[in-house]
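The values are calculated or read from the model by the stated rules, or taken from the named source; none is laboratory data. Just so it is clear, the model here is predicted, and its values are computed rather than measured. No Cβ is skipped: glycine too gets one built from the backbone with ideal geometry, and neighbour counts run over all protein chains shown. Note: accessible area is taken over every heavy atom of the protein model, side chains too, but ligands, DNA and RNA are not part of it. Shrake-Rupley method; radii C 1.70, N 1.55, O 1.52, S 1.80 Å.
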Amino acid sequence: MKLSIDFVRSNFPQLQDEPEFVFCASAAGSYLAQPVIDNLEHYNRHWRVQPYSPYPSSRAAGLAMDRARDGWSRALNIGADELTIGPSTSINSYVMAQALGADWGPGDEIVVTRQDHESNHGVWRRKAEAQGAVVKEWPIDPSTGLLDPAELYPLLGERTRWVFFTHCSNIIGTVNPVAEIVSGIRQRSGAKACVDAVAYAPHHIPDVKALDVDMYLFSLYKVFGPHQGLMYLRAELQESIQAQSHFFIQGDSHKRFNPAGPQHAQVAACQGVLDYFAALHRHHGGSESVSAAAMLQSVHALTAAHEARLAAPLVDYLDHAPRVRLLGKTHIRDGDRSTTIAFQPLGKSAADVAKALQARDIGVEHGHFYAHRLMTSLGIDPADGVVRISLVHYNSVAEVDRILAALDQALI
């Protein structure tokens, strides 16, 4: 079944505000789905009290938060005690660097990659260095930015504590085979695996247990939702990791690794993302009796096919365009490339190309997008960076046609 783009776009009111504007910067933060707006507005209008007291509004507030937590636990196929909802992935990563790193010392090793957003690189590096631990780098291909698992495995040893890498780079766009990589790590060491999925989750919410990762993080404000970050941490690890909350609430799994405490309305509004996906599932003939995880896989089949139709002509155009360096893979095959597409103009600055596109109502951005180390490894000046076109399933084929026409003029 083909994705009903009209139904999709009807669920994003911001698309109606500027009908002639093509928004293609969703990797920095997506538009909000209507059910998220509804959930957030209802909570703030009717339930803005401290939750979990017995009076009606407080009880309703707590139930709304519980519904979101339970919903996302089922969607990710994880235990409710394995989910932390915090302000963002950058904050969640910072907190976990303090938690994990408290146990690192001289002789311990961690592995990071330069393919990542700085939040999945810098925090681990700084903490390891402060503790006297060794930081090893899984190298990228300096021409494409791609990772080769064969170059990771020789870095692993008996002192390797954690490996940190991304499910999908917010610049390169190529999807890394997480389950395969984690299996390779398990076979060669006792290291734990942490995966940053911020750039992947807008395109696919996976079965986290099937990936066999130990920690998995992404941000809902890039998945059509509120400004919150979701974090999975394997249950059997939690007691051995230093808590970051007040000492008297360390037994609460929702707060143990969230020192700020939950943002009540924002947590409740996280359910709106699942409500939107459920509506999309029903609209396309999906059964209401399936599990949340199965519903999301069904939705993914629809959106992935649509996003492949969006990305293929752009990737092909940029791969063959003169004076352009396309980063990442040059094809769309078997879901191995997302609709986050970055390129370096040759002979013109990224800033000038982005400005020319923006003048034609194409909402792109340029820069290093917090992947500063990746830029330097690719030989690109981070101050100018790359032009990034980031699409999601609410974009249309007609919008891609407009982007292509605008690129013809901007790259002259």
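Here are a few things to note about the model shown:
- Count of residues meeting criterion [touching a helix residue (DSSP H, G or I) at 6+ places or on another chain (Cβ under 8 Å) and open to solvent by less than 40 Å² (accessible area, probe 1.4 Å)] in the stretch 304-317: 3
- Within the stretch 336-352, being without any contact (Cβ under 8 Å) to a residue 60 or more places away in the chain and either polar (S, T, N, Q) or crowded, with 22+ Cβ neighbours inside 10 Å (or both) holds for PHE343, GLN344, SER349, ALA350.
- Of the candidates GLY79, GLY107, GLY86, the single residue that is open to solvent by 20 Å² or more (accessible area, probe 1.4 Å) and touching a strand residue (DSSP E or B) at 6+ places or on another chain (Cβ under 8 Å) is GLY107.
- Yes/no for ILE37 being over 27 Å from HIS366 (Cα atoms), surrounded by 14 or more Cβ atoms within 10 Å (Cβ to Cβ) and either at pLDDT below 95 or within 21 Å of the chain's Cα centre (by Cα) (or both): yes
- Hey, ARG126 open to solvent by 60 Å² or more (accessible area, probe 1.4 Å), more than 21 Å from the chain's Cα centre (by Cα) and within 18 Å of MET215 (Cβ to Cβ) or not: yes
- Of all residues in the stretch 56-73, those that are touching a residue at least 60 places away in the same chain (Cβ under 8 Å) have Cβ atoms under 8 Å from Cβ atoms of residues that are of a type in the set (Phe, Trp, Tyr) and open to solvent by less than 10 Å² (accessible area, probe 1.4 Å), 6 or more apart or on another chain, in ALA61/TYR43; ALA64/TYR43.
- Residue, nearest to MET65 (Cα to Cα), within the stretch 10-24, restricted to residues that are crowded, with 17+ Cβ neighbours inside 10 Å and either touching a Pro at 6+ places or on another chain (Cβ under 8 Å) or of a type outside the set (Phe, Trp, Tyr) (or both): ASN11
- Residue count for the stretch 250-279, restricted to those that are free of Cβ contacts under 8 Å to residues at least 60 places away in the same chain, out of contact with any helix residue (DSSP H, G or I) (no Cβ under 7 Å at 6 or more places or on another chain) and either on the phi < 0 side of the Ramachandran plot or buried (at least 23 other Cβ atoms within 10 Å of the Cβ) (or both): 3.
- Output for the stretch 14-35, where each listed residue is touching a helix residue (DSSP H, G or I) at 6+ places or on another chain (Cβ under 8 Å) and within 26 Å of PHE369 (Cα to Cα): LEU15, VAL22, PHE23, CYS24, SER26, ALA27, ALA28, GLY29, SER30, TYR31, LEU32, ALA33
- Qualifying residue in the stretch 280-291 (condition: open to solvent by less than 50 Å² (accessible area, probe 1.4 Å), small (Gly, Ala, Ser) and either farther than 23 Å from PRO35 by Cβ or touching a residue at least 40 places away in the same chain (Cβ under 8 Å) (or both)): no
- Identity of the residue in the stretch 129-156, assigned to a helix (DSSP H, G or I) and hydrophobic (A, V, I, L, M, F, W, C), that ends up surrounded by the most Cβ atoms within 10 Å (Cβ to Cβ): LEU152
- For the stretch 364-412, a residue qualifies if it is over 21 Å from HIS121 (Cβ atoms), small (Gly, Ala, Ser) and either at pLDDT below 95 or surrounded by fewer than 17 Cβ atoms within 10 Å (Cβ to Cβ) (or both), and the qualifying residues are ALA398, ALA405.
- Selected residue (criterion: surrounded by the most Cβ atoms within 10 Å (Cβ to Cβ)) from residues of the stretch 208-234 that are outside any strand (DSSP E or B) and touching an Asp or Glu at 6+ places or on another chain (Cβ under 9 Å): VAL208
- Taking the conditions (1) open to solvent by 30 Å² or more (accessible area, probe 1.4 Å); (2) within 17 Å of LEU374 (Cα to Cα); (3) assigned to a loop (DSSP other than H, G, I, E, B) in turn, ASP116 satisfies each one other than (1).
- Sole exception among (1) in contact (Cβ under 8 Å) with a residue 40 or more places away in the chain; (2) surrounded by fewer than 17 Cβ atoms within 10 Å (Cβ to Cβ); (3) part of a loop (DSSP other than H, G, I, E, B); (4) hydrophobic (A, V, I, L, M, F, W, C) for LEU237, by number: (3)
- Some residue of the stretch 158-171 being open to solvent by 50 Å² or more (accessible area, probe 1.4 Å), in contact with a Gly (Cβ under 6 Å, 6 or more places away or on another chain), in contact (Cβ under 8 Å) with a residue 40 or more places away in the chain and not aromatic (Phe, Trp, Tyr): yes
- Selection count, the stretch 182-207, where residues are buried (at least 24 other Cβ atoms within 10 Å of the Cβ) and assigned to a helix (DSSP H, G or I): 1
- Within the stretch 240-249, the set of residues being open to solvent by less than 60 Å² (accessible area, probe 1.4 Å) and within 16 Å of TYR94 (Cβ to Cβ) comprises ILE241, ALA243, GLN244, SER245.
- Meets criteria (under 25 Å from GLU137 (Cβ atoms) and touching a Cys at 6+ places or on another chain (Cβ under 8 Å)) for SER338: yes
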